[in-house]
Amino acid sequence: MAEVRRVLITGIASQLAGLLARALEQRDEVGAIIGVDVREPTHDLRRTEFVRADVRNPLVARVLETAGIDTVVHLSTTATPGAAGGRARMKELNVIGAMQLLAACQRATGLRRFVLKSSTAVYGSSHTDPAMWGEDDTPRSAPRHGFSKDTSEIEGYARAFGRRRRDVDLTILRFANLVGGRIDSAFHSLFTLPAAPTVLGYDPRLQFCHEEDAVEVLVRTTTGAHPGVFNVAGDGAMYLSQAARLAGRLPVAVPLPFVAGVAGLLRRTGRADVAPDQLRFLQHGRVVDNTRLKQAFPGLPRYTTREAFEDFLRRRRIHGMVDRDDVIRLEREVSDFLARKGQERFLASRPGKEAR
């Protein structure tokens with residue numbers, strides 16, 4: 001008879017956590033599911049119990065012990081500063097939250113499995129990158145900013161926890177950009193714009209993970225022992241220009257010095273929550289090797305990178321450019337912004353003159 005699992009999921013209000021909880025509810029070997037978040041989930045969940053708490057709250061440690069939790073799935077890391085309330089708040093929730101959660105897990109005597117949702121962002125994005133990242137590869141320089149730095153630090157704390165608790169199976173899942181009909185992301189928002197912003201002179205390689213593959217990997221690691229580090233991504237890669245054409249979006253090439261400003265403009269207008277540190281990804285992209293995933297999880301991934309993206313377009317009903325006036329309006333906004341910044345730089349470079 002299979003061992004009955006008692007599972008705690010952090011960030012239960014997120015779409016991915018809701019899909020995972022719903023899948024686990026169908027499994028006989030999962031006896032109890034407890035979801036923790038500061039926001040109440042809106043998913044249609046039947047057996048999942050909700051505890052309103054921040055992962056930094058000591059209440060989480062009490063839940064681990066009193067509920068007899070043996071498996072923790074940490075999904076509450078966020079990549080979007082806007083959704084978190086700013087970069088400082090995002091770092092506190094991501095890094096400090098993970099530290100506090102792992103400290104609580106350290107004291108949980110009944111814990112036997114810890115699953116961390118990480119990201120391929122730990123590899124960074126640079127022109128010196130290898131053609132394909134393996135799990136044992138490390139970037140020449142550690143990420144120094146934003147979400148990439150957060151994920152790198154969180155993985156470091158998780159590995160330290162694994163060394164202290166040898167009796168706990170530690171699984172680190174490095175997901176590529178998630179796409180699908182139900183999960184939103186910063187990258188998804190770029191393809192809902194009437195035009196796709198690109199960096200002038202760059203055409204990065206992209207890799208995607210379909211949301212159904214992501215949920216299946218999480219289910220298998222929650223219900224079965226799969227210790228180790230795994231890149232979770234579809235086979236193959238696409239160029240950003242290919243993705244834009246498939247989405248029917250008009251590429252708007254932005255000169256490199258103005259990219260951060262354009263990203264700020266998109267954030268302020270609520271069109272896309274793209275963090276400044278993620279802009280390097282739009283220059284150099286990132287592709288990972290998923291061989292280890294295939295060996296440990298037979299039958300996965302079910303979607304290639306291109307199939308995942310095409311399914312995303314179908315489910316989101318992205319069939320081509322939206323109204324032509326919207327395209328013209330967005331182009332005008334970007335053009336006005338670039339012209340204004342160019343004028344400011346010109347004035348600032350003149351002796352005795354200051355940009356206004």
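Worth pointing out:
- Mean separation of Cα contacts under 8 Å (6+ apart) over length of the chain, as relative contact order %: 17 percent
- Working note: Cα atoms of region 151-193, range along each principal axis, descending, whole Å: 46, 19, 11.
- Given charges at beta-carbon only (K, R positive; D, E negative), |dipole| of the chain in Debye: 820 debye
- Shape descriptor for region 5-338: Rg over Rh equals 0.97 (Cα atoms; Rh from the Kirkwood inverse mean 1/r).
- Low-density loop positions, trypsin sites (Lys or Arg not before Pro), region 143-227 - DSSP coil, at most 12 other Cβ in 10 Å: R144, R166
- Pairs of lysine residues in the chain that meet both criteria, 8 or more places apart or on different chains and Cα atoms under 20 Å apart, total 5.
- Extreme residue, positive dipole direction of the chain, given options S118, V55, V199 (C-beta unit charges): V199
- With Cα atoms as the point set, the radius of gyration and Dmax of region 150-292 evaluate to 17.4, 53 Å.
- Placed amide H near V252: partners under 5 Å, 5+ positions off or other chain: A196, T198
- With a cut-off of 15 Å between beta carbons, the residues surrounding D54 carry a summed charge of +3, where Lys and Arg count +1 and Asp and Glu -1.
Values quoted throughout were computed directly from the atomic coordinates according to the rules given, and no laboratory measurement underlies them. Being a predicted model, the structure only gives us computed values, none of them experimental. Neighbour counts run over all protein chains shown; Cβ positions are idealised from the backbone, glycine included.
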